[in-house]
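J.: Can you keep this structure in mind? I'll have questions shortly.
What follows draws every value from the coordinates through simple rules; no lab data is involved. Keep in mind it's a predicted model, so treat the numbers as computed, not measured. So basically every Cβ, Gly included, is an ideal-geometry build from the backbone, and we count neighbours across all protein chains shown.
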Amino acid sequence: MIWIKRICLLALCLMFLSACGGGGSGDGDVGGGDVGGEDVGGEDDGGEDDGGEDDGGEDDGGEDDEGEDDGGEDDGGEDPVTAAPPAPAATLTPTATKTFAFSWSDVSEETEYRLLENPDGDSGYSEVAVIPADSTEYNLMVSLPQRVNASYILQACNSLGCTDSDELFVTGSLAEAVGYFKASNTEADDLFGFQVALSADGRVMAVAAAQENSGATGSNGDQADNSVEYSGAVYVFTQNNGVWTQQAYLKASNPGHWDFFGVSLSLSADGGVLAVGARGESSNAFNSGAVYVFTQSAGVWSQQAHIKASNTQQSDEFGDSLALSADGSTLAVGAYAEDSSATGIDGNQADNSASASGAVYVFTQSGDTWSQQAYIKASNTEESDYFGHRVALSSNGNVLAVSANNEDSAATGIDGNQADNSATNSGAAYVFSRNDGTWSQQAYIKASNPEENDWFGSSLALSSDGHVLAVGATGEDSAATGIDGNQADNAVDFAGAVYVFTQSGDTWSQHAYIKASNAAEFDRFGASLALSADSRVLAVGTEAEDSSATGINGDEADDSADSSGAVYLFSQNAGTWSQQAYVKAPNTEGGDLFGSSGIALSSDGSVLAVGAWDESSTATGINGDQADNSAEGSGAVYLY
């Protein structure tokens, strides 16, 4: 009897296990289902026993709650992925500002897209963006001069792999992708773009219009008031998520006629401190000059300081040049027309026996207070040398480079004979260093081929660490082209040249002699300079270059647009310099003076800003109509 009961109990258990989908079926094994619950027979549809209760009149063993066969699909009714997605059909459209716009039709079965870039045609592909599923467009901001030979692949991806689009090649001059910036109150002769400065990341840009005429004061005043001729203004632009907007319109707290507020500019690395020179400012003495320091908080700019020289005098033009340290706490200011015959550091400021010899003043900030730290003169001060014509500071503010583009010595190289005045206006550069707050001269630098009216020191640029110095000489006459050519050939008057010097220990030496690839008479190569922080990218402005080319790497031989201007980009690899790009405006015209004085690079060299202060469009704002030339000398800035 007991044996019969055991048989009945076993039968009941087998029936129960069969109803629960258990027992010996492999489909019911707990370890057989995948992580996503896609197991074809492993899990019921809502925790209900298929054999225990009828789900709305359905056959217990036939279909699950959704009417699907238990062994067929998961709860969501999705088919399992069986292959990688099909290839997307993508297009690439260059567009302003500095953007490659990719578009495509969404493909099936993808879980994400990936954008691959070969930046120069030689480096090979690497991933630059992961793009969410179901997207059909993506904008990539790029350095235009560094992407003229680039190509791209768009991949559609899922768990089983990725499928490539056809390769997308960058073609043409990329003129259509160049950012075009104008003042918000564009008018003739304002000279917007006379100077330009960038933050380290290239997301903040300050632009000067040194002859703007408004009588407004402070931040965002009345731009339509033209009551103070050539008072000058500065415009601040910011970039957020690829979109540029004007953030501020800045004026001096005391605008005056012919002050030229904006004749010089410098931004701190974070873009939060801005120094502006006004060489014609006349408080205390006519054309004595001044510098204004502005700071930004939560997008609002305000004037922090109005700075004058310790020996303010008529026509010294203090503020014609200036430079800020990266943190904005050290400021160097040039006054090329200052008259003292003092030499060295903190000499006699009251002796005015050397007219226009020039001086540099260093200021430091503590809290909100600025104070003068040093008064610096050349070691060979002489009349009309214009010491302080250009200044540059290292990132920490401890290295200062100063040019005297009218200095007359025929010395060559480093620390030569400063007393030899046989090469009028050959020009010189001086390097100073600061140690525990005390400044001293470190080097006296001349070109390797100094000659009369070369104006070595027309422009300056210093690397972040202060160990690399670039010096422009707009009057140099060699017909050489490229790197380290024949310096003795003086067949091309005022072609211009740039010299690169490097420091090792305490010793400076000339590292490179650089010429334009299309050196020509009166082009004035070296009118402006900018160096990346690591000194691996050098931008050189040539204000009077004559080609009518547009965009990047156009025809250098076409000289049909007199003084349209150009910029040349050079890169340094393992100590060797080479030309990387030949850069023109997208709306090149004669007399625009593209690259004349306003030029700037971001810290990594990926953003290039170039001013053309004699450009003539009446457009306002960003990426407006470039073709209307009815506002002569209104000026523009271009972003690459």
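J.: Multiply the residue gap between residue 536 and residue 134 by 0.36 nm, knock off their C-alpha separation, and tell me the result in nm, one decimal place.
T.: In short, 140.7 nm is gained.
J.: What value, in deg cm²/dmol to 500, does the helix sum -39500 (n - 2.57) over DSSP H runs of n ≥ 4 give at 222 nm once divided by the residues of the chain?
T.: Taken over the chain, the calculation gives -1000 deg cm²/dmol.
J.: A further question follows. Output ³J(HN,Hα) for segment 171-176: one whole-Hz value per residue in order, computed from phi by the Karplus curve 6.51 cos²θ - 1.76 cosθ + 1.60 with θ = phi - 60°, and x for Gly and Pro.
T.: 9, x, 8, 6, 4, 5
J.: Using the alpha-carbon centroid of each, what span in Å lies between segment 398-463 and segment 221-266?
T.: Cα centroid of segment 398-463 versus Cα centroid of segment 221-266: 33 Å apart.
J.: Follow-up. Among 427, 447, 467, whose Cα lies farthest out toward the positive end of the dipole of segment 416-476, if unit charges sit on the beta carbon of Lys, Arg (+1) and Asp, Glu (-1)?
T.: The residue sitting farthest along the positive end of the dipole is 467.
J.: If you average the C-alpha positions of segment 503-536 and of segment 104-178 separately, how far apart do those two centres end up, in angstrom?
T.: Their Cα centres are 35 Å away from one another.
J.: Here is a further query. Is there a pair in 98/251; 98/446; 446/584 whose C-alpha atoms are over 32 Å apart, and which pairs would that be?
T.: 98/446
J.: Mind checking the dipole of the chain: about its Cα centre, +1 per Lys or Arg Cβ, -1 per Asp or Glu Cβ, Debye to the nearest 20?
T.: I would put it at about 4900 debye.
J.: Still on this structure: Please list, in chain and number order, the residues 5+ apart from residue 397 or on another chain whose amide H is under 5 Å from its amide H, with Hs placed from the backbone.
T.: 326
J.: Ok, one more. Based on the mean of other beta carbon atoms within 10 Å per residue, what is the order of 160-173, 210-223, most packed first?
T.: 210-223, 160-173
J.: Next up: Between segment 292-327 and segment 561-599, what's the alpha-carbon centroid distance in Å?
T.: 29
J.: I need the phi-derived Karplus couplings for segment 126-134: 6.51 cos²θ - 1.76 cosθ + 1.60, θ = phi - 60°, integer Hz, Gly and Pro marked x.
T.: 9, 6, 10, 7, 10, 10, x, 4, 6
J.: Near the amide H of residue 318, under 5 Å away, which other amide H atoms are found, from residues 5 or more places off or on another chain, if H is placed in the peptide plane?
T.: 289
J.: Please list the non-local residues whose amide H lies under 5 Å from the amide H of residue 529, H modeled 1.01 Å from N, same-chain partners needing a gap of 5 or more.
T.: HN-HN under 5 Å from residue 529: 460, 541.
J.: Can you match Cα extents along the principal axes in Å to one of these, (1) 114, 67, 47; (2) 134, 54, 51; (3) 81, 62, 45, based on a calculation from the structure here?
T.: Label of the calculated value: (2).
J.: If you don't mind, another one. Considering the options 274, 406, 191, tell which one lies farthest towards the positive end of the dipole of the chain, charges being +1 on Lys and Arg and -1 on Asp and Glu at the Cβ, about the Cα centre.
T.: Positive-end residue among those listed: 406.
J.: Continuing with this model, one more query. Mind checking the dipole of segment 89-169: about its Cα centre, +1 per Lys or Arg Cβ, -1 per Asp or Glu Cβ, Debye to the nearest 20?
T.: So the magnitude is around 360 debye.
J.: Taking 35 Å as R0, compute the FRET efficiency from the Cβ-Cβ separation of residue 220 and residue 465 and round it to 0.05.
T.: 0.40
J.: Here's a follow-up. Given the Cα-Cα distance of residue 310 and residue 352 and 0.36 nm per residue of separation, how much length would full extension add, in nm?
T.: Result: 13.7 nm gained on full extension.
J.: Here is a further query. Return 318, 237 ranked ascending by Cβ neighbour count within 10 Å, so the fewest neighbours appear first.
T.: 237, 318
J.: For segment 382-490, what relative contact order do you get, as a whole percent, if you take Cα pairs closer than 8 Å and at least 6 residues apart?
T.: Once normalised by length, the contact order is 24 percent.
J.: Turning to a different aspect of this structure: Which ordering of 529, 92 is given by a fewest-first count of other beta-carbon atoms within 10 Å?
T.: By the 10 Å Cβ count, ascending: 92, 529.
J.: Assuming R0 = 22 Å, can you tell me the calculated FRET efficiency for the pair residue 126 and residue 149, based on Cβ-Cβ distance, to the nearest 0.05?
T.: Rounded to the nearest 0.05, the efficiency is 0.90.
J.: What ranking do 130, 360 get, fewest neighbouring Cβ atoms within 10 angstrom at the top?
T.: Ordered by Cβ neighbours within 10 Å, fewest first: 130, 360.
J.: Could you tell me how many degrees, from 0 to 90 and to the nearest 10, lie between the Cα long axis of helix 2-19 and the main elongation axis, the longest principal axis, of the Cα atoms of the chain?
T.: 40
J.: Using θ = phi - 60° and the Karplus form 6.51 cos²θ - 1.76 cosθ + 1.60, what ³J(HN,Hα) does each residue of segment 426-431 get, whole Hz, x for Gly and Pro?
T.: 3J(HN,Hα) across segment 426-431, in whole Hz: 5, x, 8, 10, 10, 10.
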